[in-house]
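K.L.:
Structure incoming, see below.
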Amino acid sequence: MAHVPVLLIHGFPFDHLLWRYQVGALTRWRCIAPDLRGAGASSGALAIDDFSMGAYADDVIALLDRSRVGQVVVCGLSMGGYVTFELLRRFPGRVRAAILCNTKAAADTPEAKLGRDALAARAQQGGARAVADALLPKLLARVTHEAQPAVVREVREMILRQPVWGIVGALRALRDRPDSTPLLGRIRVPVLIVAGDDDQIVPAAEMEAMAHAIPGAQFTLVADAGHVTPLEQPPALAEVLSGFLGALG
Ligand code: MLT
């Protein structure tokens, strides 16, 4: 029997190349790694009100429909995890299993919402460069900053190629996303949670607590990884993913 395809959803402010190593490594599975609206090579400038987790999820479902793909294993990183929650909430029949990397269920606090607006203003004034300068220090593990300059460069370049309107739109979607905590206990598909041991944006302890709230969820901690595990520890993540996917049959 053919494996169910894997849908890889990137985080903010990234594009599908976040997953380039995993797409290359998971050769037994068909991998679908789109650019969300406003990211990478996605086309057409949209208005800020066109951005929400719901709109991202609708885009992804439309892509699956166009590709005649029914069920998928959804693997989302951070904002991609928020989109995964949206898919589990609204399109549960399409999700065979879920992999939640470096993400959390809670909505933004009032303080975090103000931070989104401040970063959007910064993006409008200083472009993607200002966003990269603001985010890079906390996106990557301390050991990545010290020992993997090529990864630091790659993540910076990925941020720099994102259009400002897409960054600003994503910040609106992030700011206004719903709280997915009530969903956790109702998830009935296999779930793998992957945390980085030095993730300064979503601490591993918070992800472990989320794993306890999802029936039967597995939890894996990746060593020497910050918030961008797919590029900071590619082989380790690929091994974890293929172990989970292989066990699904
Ligand atoms: C991401 O990587 O998608 C962002 O860190 C998400 C967030 O800021 O909540």
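The numbers here are math on the coordinates, done by the rules we state, and not lab data. This is a predicted model, so every value here is computed, not measured. Every residue, glycine as well, gets a Cβ built from its backbone with ideal geometry; the counts of neighbours run over all protein chains shown.
K.L.:
Calculate the length of the line joining the C-alpha centroid of the range 170-194 to that of the range 42-84, in whole Å.
P.N.:
Taking the Cα centre of the range 42-84 as reference, the centre of the range 170-194 is 14 Å away.
K.L.:
Taking H as built 1.01 Å from N, whose amide H comes closer than 5 Å to the amide H of residue 200, not counting residues under 5 places away?
P.N.:
227
K.L.:
Based on the mean of other beta carbon atoms within 10 Å per residue, what is the order of 204-211, 64-71, 229-236, most packed first?
P.N.:
Working: 204-211: 17.2, 64-71: 12.5, 229-236: 21.6.
Listed from highest to lowest mean packing, they are 229-236, 204-211, 64-71.
K.L.:
Using a ≥ b ≥ c from the Cα gyration tensor of the range 2-111 (square roots of the eigenvalues), is it rounded, prolate or oblate, where a/c under 1.5 gives rounded and otherwise the larger of a/b and b/c decides, a/b for prolate? Each step should come with its number before you reach the end.
P.N.:
Working: a/c = 1.41, a/b = 1.33, b/c = 1.06.
It comes out rounded by the Cα gyration axes.
K.L.:
If amide hydrogens are placed 1.01 Å from N in the peptide plane, which non-local residues have theirs closer than 5 Å to the one on residue 222?
P.N.:
195, 196, 197
K.L.:
A further question follows. Taking square-rooted eigenvalues a ≥ b ≥ c of the alpha carbon gyration tensor, is the chain rounded, prolate or oblate, where a/c under 1.5 means rounded and, failing that, a/b exceeding b/c means prolate? Walk me through the numbers before you get to the answer.
P.N.:
On the way: a/c = 1.38, a/b = 1.22, b/c = 1.13.
Here the chain falls in the rounded category.
K.L.:
Please name which of 195, 240, 126 has its Cα lying farthest along the dipole of the chain towards the positive end, using unit charges on Cβ (Lys, Arg +1; Asp, Glu -1) and the Cα centre as origin.
P.N.:
About the Cα centre, the residue reaching furthest to the positive side is 240.
K.L.:
To the nearest 500 deg cm²/dmol, what mean residue ellipticity at 222 nm is calculated for the chain from DSSP H runs of n ≥ 4 alone, each contributing -39,500 (n - 2.57), summed and divided by the residues?
P.N.:
Numbers: 11 runs with 125 residues, N = 249.
Calculated mean residue ellipticity at 222 nm is -15500 deg cm²/dmol.
K.L.:
Given H placed 1.01 Å from N in the peptide plane, which residues other than close sequence neighbours of residue 96 have an amide H under 5 Å from its amide H?
P.N.:
72, 73, 74
K.L.:
Report the label-to-label distance for residue 2 and residue 63 in nanometres (one decimal), using points 7 Å from each Cα along the Cα→Cβ vector.
P.N.:
Inter-label distance under the simple model: 1.9 nm.
K.L.:
For the range 129-146, what does the Karplus curve 6.51 cos²θ - 1.76 cosθ + 1.60, with θ = phi - 60°, yield as ³J(HN,Hα) per residue in whole Hz, taken in order and with x for Gly and Pro?
P.N.:
With coefficients 6.51, -1.76 and 1.60, one gets 4, 5, 5, 4, 4, 6, 8, 3, x, 9, 6, 10, 4, 4, 5, 5, 4, 7 Hz.
K.L.:
In whole Hz, what ³J(HN,Hα) sequence does the range 202-218 give by Karplus (6.51, -1.76, 1.60; θ = phi - 60°), x for Gly and Pro?
P.N.:
Ordered by residue, 3J(HN,Hα) equals 10, x, 4, 4, 5, 6, 5, 5, 5, 4, 5, 7, 9, x, x, 5, 9 Hz.
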